[in-house]
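Quick notes on the structure that follows.
The values are calculated or read from the model by the stated rules, or taken from the named source; none is laboratory data. These figures come from a predicted structure and were not determined experimentally. Backbone-built Cβ (ideal geometry, glycine too); neighbour counts: all protein chains shown. Please note that ligands, DNA and RNA were not included when accessible areas were found on the heavy atoms of the full protein model with its side chains. Shrake-Rupley method; radii C 1.70, N 1.55, O 1.52, S 1.80 Å.
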Amino acid sequence: MNPIYHQATFIKSSPTLTVAPKDEGKEIAFAGRSNAGKSSALNAITRQSSLARTSKNAGTHTNA
Ligand SMILES: Nc1nc2c(ncn2[C@@H]2O[C@H](COP(=O)(O)OP(=O)(O)O)[C@@H](O)[C@H]2O)c(=O)[nH]1
Ligand SMILES: [Mg+2]
């Protein structure tokens with residue numbers, strides 16, 4: 001795994017494109033249903049324990 005990922009930091013959460021960070025560099029999209037393990041995968045790839053917040057129960061939908 002490329003160690004560049006270990007330098008990942010949270011910039012912001014943007015509900016609309018107008019408030020999104022400047023369009024520069026490379027972009028990676030993560031898609032999957034709720035509680036599939038997206039946030040856990042991000043933390044594993046970046047080797048950071050709390051870059052992305054994870055939920056408690058595997059495979060359990062907490063949103064209606
Ligand atoms: N058994 C198992 N549980 C996992 C795996 N990856 C994530 N989880 C658990 O699934 C739950 C939801 O994970 P989370 O990363 O918050 O999912 P997200 O909603 O897709 O971001 C957490 O309790 C994780 O610990 C995995 O590969 N195997
Ligand atoms: Mg998540």
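Leaving out ligands, DNA and RNA, and with a 1.4 Å probe, what % of the accessible surface on the chain is carbon or sulfur?
54 percent
Rounded to the nearest 500 deg cm²/dmol, what is the calculated helix-only ellipticity per residue at 222 nm for the chain, with -39500 (n - 2.57) per DSSP H run of length n ≥ 4?
-4000 deg cm²/dmol
Let me know the Rg and Dmax you get for the chain when you use only its Cα atoms, in Å.
13.4, 37
Each residue of region 39-50 in order: what ³J(HN,Hα) in whole Hz does its phi give by Karplus 6.51 cos²θ - 1.76 cosθ + 1.60, θ = phi - 60°, with x for Gly and Pro?
The phi angles translate into 5, 4, 5, 4, 5, 5, 5, 8, 6, 10, 7, 9 Hz.
For Thr16 and Thr60 in the same chain, what is the full-extension length gain: residue separation times 0.36 nm, less their Cα-Cα distance, in nm?
Length gained, Thr16 through Thr60: 13.1 nm.
Hey, which lysines would be in cross-link range of Lys38, C-alpha to C-alpha under 22 Å, not counting anything within fewer than 8 residues on its own chain?
Straight-line reach from Lys38, under 22 Å: Lys12, Lys26, Lys56.
Could you point to the residue in Phe30, Ser14, Asn57 farthest towards the positive end of the chain's charge dipole, with +1 and -1 charges on the Cβ of Lys/Arg and Asp/Glu respectively?
Asn57
Loop only per DSSP, at most 15 neighbouring Cβ atoms within 10 Å: give me the chymotrypsin sites (Phe, Trp or Tyr not before Pro) in the chain, ordered by residue number.
Passing both the DSSP loop test and the Cβ count: Phe10, Phe30.
Rolling a 1.4 angstrom probe over the protein heavy atoms, how many square angstrom per residue are accessible across the chain?
Heavy-atom accessible area per residue stands at 92 Å².
Sequence gap at least 6, Cα distance under 8 Å: using those rules, report the relative contact order of the chain to the nearest whole percent.
Computed value for the chain: 34 percent relative contact order.
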